[in-house]
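Below: the structure, in structure tokens.
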């Protein structure tokens, strides 16, 4: 379950990058490579792309704000949600857990 939860922000970021590439393409970014350059520059805060008009500049700033929002959402609300699930899975009496020596010598490797 935690693996699926950890993949969800990656899915969000992928969807956002694809959506912003479509918007830049619609604003006349030229090629798909140019649209990807705008998206990469705004989403991953490289700052290397220069917008030549106000709509593209606005889209650059909104992409940067969305990427920071996804990161804040991940750190503030998402990771504390995953932690109790992992703690619950790892809970139990210490005697029920194998010792490190047992783990190293077992055939589980």
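Residue 68 - would you say it is at pLDDT below 85 and assigned to a helix (DSSP H, G or I)?
No, not satisfied.
Just to be sure I understand, how many residues within the stretch 42-61 are under 18 Å from residue 19 (Cα atoms) and without any contact (Cβ under 8 Å) to a residue 12 or more places away in the chain?
The total comes to 2.
For the stretch 47-56, indicate whether the set of residues that are at pLDDT 85 or above, out of contact with any strand residue (DSSP E or B) (no Cβ under 7 Å at 6 or more places or on another chain) and surrounded by 13 or more Cβ atoms within 10 Å (Cβ to Cβ) is non-empty.
Yes, the stretch 47-56 has at least one match.
Which count do you get for residues in the stretch 85-101 that are surrounded by 10 or more Cβ atoms within 10 Å (Cβ to Cβ) and either in a helix (DSSP H, G or I) or at pLDDT 85 or above (or both)?
3
Cβ-Cβ distance below 6 Å, separation of 6 or more or different chains: which pairs start in the stretch 69-83 with a residue that is over 17 Å from residue 44 (Cβ atoms) and end on one that is at pLDDT below 80 and loosely packed, with under 13 Cβ neighbours inside 10 Å?
82/2
The values are calculated or read from the model by the stated rules, or taken from the named source; none is laboratory data. Only a predicted model underlies this, so the values are computations on that prediction, with no experimental measurement involved. Positions of Cβ are backbone-derived with ideal geometry, glycine not excepted, and every protein chain shown enters the neighbour counts.
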